[in-house]
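Enquirer: What follows is a single structure, and I will ask about it in a moment.
The values are calculated or read from the model by the stated rules, or taken from the named source; none is laboratory data. In this text the structure is predicted, and so the values were computed from the model without any measurement. Quick reminder, even Gly has a Cβ in these numbers, built from the backbone with ideal geometry, and neighbours come from all protein chains shown.
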């Protein structure tokens, strides 16, 4: 069994030629901008090998086929397709959020303008479906159907995220539902698509999908804890970064929905608009922790990770691939908290 | 045989319940904004029946099944899917072009902001694939594949359109290629998708696709002529509207690519940036006409319409449906020129 980082690196190497071949089919501008976004070329077009992300989704897709006893090649179009959908959403997200940098490089919209980012994202989304359907496999249609439905859920999560910014009250359930859409949906599809392409039975596919879904929400819970209490040296983000933007993250929504003075004080602070200083941020982080937001989020992440692992253990799977899926899930969720 | 306007109205009535059922599956915001865009509700959510466009694409899709002897219901998911892709592109286009009005109503981005327009468009594109693949028909996969490839070509056309605005010279071939992408690709897919869903032979599908493709380019040629010489009372646009924005339309590209003083004078004018007055616009329209731009565009539209009709006559089709397709094509292309 390989370690999770070795598996991620192996998956990246496995899918890159197929991903590049797919991107080569785009019009010249979308191709250039997608190749830049994936870290293969500089903005000017010179070859490079910039950080293109961890490729968790393609790794899940390839393992998903292996888990049902199929060769990983069966899942290759699925691995390429989920990576295209993930990156379509990043290109559009960066534009919508006004983010000028991703992985220490300028974003597509920042370099080439909003219209280019819209069209390049659109092209990547359409291409994802094309890659699956071009295989001509009898299982391509259910795989493409899964991906289309997943894209709808992903967008629903983004819409919720956008609407929460304009609301003063959000329930924990709504916040979890948003995480399930934004993060869980595509991880779920990634963990299932290889098995779908391999023609695995529905119960097996459902178990793999549940695994990805729960790992996705667990990841988001931990990510939100790190966004408030994470060590900048480990996270690469500024300290208290999510508090600075008053983000309606999962620990915040839990704390807000408790009774008591800490919750009230937090609610009042969220309506303020001044730029908070370090002392104020430390005070608010302590409020959230005092109202149980941190402990709840970590316990909920652990509970969901256990649910994810139970799902995998409840169906018959290739033992080696199952162990690698479990290790990959833990690697994604368990970071320095 | 019904007339083209009657057929369009009939198709609109046929597909609306299925289109509404599909849109109902979107998240609450995308659903609201799509329903507004389709003219079913006001911005505030009250029921209405605003102009939702001619629905040429769904009409072609339904006729495409009838033409190969299948009941039009077979094509219904295809008709809904092409209408969703068309309107995804309109929602994104309005944002990219900064257009504040469509069919005398405010555009989605103007009412709800750029992020909403991006997400609502994305959701409509994903939904188009889902509608096709949810049928579970064995022909859904080839139909979805056709739609994904078509979306790539549509985006390629939009990318070309965007890049032409930044270039001083564009060949007629490039301009035709852009029209084939922006307008021809989806009309081609619309005219073929019903036959694909009905499982028709490849030669029949190809003939229908060629028909839609040529009708699309012919439409664009005539539309470009109307954008310069059209009667505002008929077109609903201001006189010389395409000249005012110095659009690289098909008649302009033809005129520019001729030898002689008229072409040189036109090229010089295109580099100017002042707001032209009526007299100047009349002079430039005369330049383009003098260099043969108008006659060429109308002759080329007629040539392509004839090619389209030859394609339909070259394969075995239901005679009534073929006549309706021919009438619909002529209705789309032949307007007051």
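Enquirer: Tell me yes or no: at least one residue of the range B:71-81 is in a helix (DSSP H, G or I), surrounded by fewer than 19 Cβ atoms within 10 Å (Cβ to Cβ) and within 14 Å of chain A (Cβ to nearest Cβ).
Expert: no
Enquirer: Residue A:150 - would you say it is in contact (Cβ under 8 Å) with a residue 40 or more places away in the chain and at the interface with chain B (Cβ under 10 Å from one of its Cβ atoms)?
Expert: It is true that residue A:150 is in contact (Cβ under 8 Å) with a residue 40 or more places away in the chain and at the interface with chain B (Cβ under 10 Å from one of its Cβ atoms).
Enquirer: Check off (1) in a helix (DSSP H, G or I); (2) over 30 Å from residue A:317 (Cα atoms); (3) at pLDDT below 95 for residue A:5 and give me the number that stays unchecked.
Expert: Failed condition: (2).
Enquirer: Residue B:194 - would you say it is away from chain A (no Cβ under 14 Å), buried (at least 24 other Cβ atoms within 10 Å of the Cβ), touching a residue at least 60 places away in the same chain (Cβ under 8 Å) and within 24 Å of residue B:311 (Cα to Cα)?
Expert: yes
Enquirer: So, residue A:226, is that one at pLDDT below 95, assigned to a helix (DSSP H, G or I) and either away from chain B (no Cβ under 12 Å) or over 30 Å from residue B:159 (Cβ atoms) (or both) or not?
Expert: Yes, satisfied.
Enquirer: Still on this model: Quickly run through the range A:8-28 and pick out the residues that are within 14 Å of another protein chain (Cβ to nearest Cβ) and either part of a strand (DSSP E or B) or under 18 Å from residue A:90 (Cβ atoms) (or both).
Expert: Once the filter is applied, which keeps residues that are within 14 Å of another protein chain (Cβ to nearest Cβ) and either part of a strand (DSSP E or B) or under 18 Å from residue A:90 (Cβ atoms) (or both), the range A:8-28 yields A:22, A:23, A:26.
Enquirer: Let me ask something additional. For the range B:161-172, check the following and say yes or no: at least one residue is without any contact (Cβ under 8 Å) to a residue 40 or more places away in the chain, within 15 Å of the chain's Cα centre (by Cα) and either closer than 19 Å to residue B:79 by Cα or surrounded by 19 or more Cβ atoms within 10 Å (Cβ to Cβ) (or both).
Expert: Checking the range B:161-172: at least one residue is without any contact (Cβ under 8 Å) to a residue 40 or more places away in the chain, within 15 Å of the chain's Cα centre (by Cα) and either closer than 19 Å to residue B:79 by Cα or surrounded by 19 or more Cβ atoms within 10 Å (Cβ to Cβ) (or both).
Enquirer: Let me ask you something else. So how many residues does the range B:37-64 have that are modelled with pLDDT of 95 or more and within 17 Å of residue B:4 (Cα to Cα)?
Expert: Here the count works out to 9.
Enquirer: Quick check on my filter: what residues within the range A:108-146 are without any contact (Cβ under 8 Å) to a residue 24 or more places away in the chain, surrounded by 19 or more Cβ atoms within 10 Å (Cβ to Cβ) and more than 8 Å from every other protein chain (Cβ to nearest Cβ)?
Expert: A:109
Enquirer: Do we find that residue B:176 is in contact with a helix residue (DSSP H, G or I) (Cβ under 9 Å, 6 or more places away or on another chain) and at the interface with chain A (Cβ under 7 Å from one of its Cβ atoms) in this structure?
Expert: So residue B:176 does not fit the description; no.
Enquirer: Please find, within the range A:91-107, the residue that is surrounded by the most Cβ atoms within 10 Å (Cβ to Cβ) out of those that are within 20 Å of residue A:162 (Cβ to Cβ) and more than 9 Å from every other protein chain (Cβ to nearest Cβ).
Expert: A:91
Enquirer: Taking residue A:108, is it at pLDDT 95 or above and closer than 17 Å to residue A:96 by Cα?
Expert: Answer is yes for this residue.
Enquirer: Moving on to the next point. Scan the helices (runs of 4 or more DSSP H) fully inside the range A:107-175 and keep the ones with 3 or more residues being under 30 Å from residue A:257 (Cα atoms).
Expert: A:140-164
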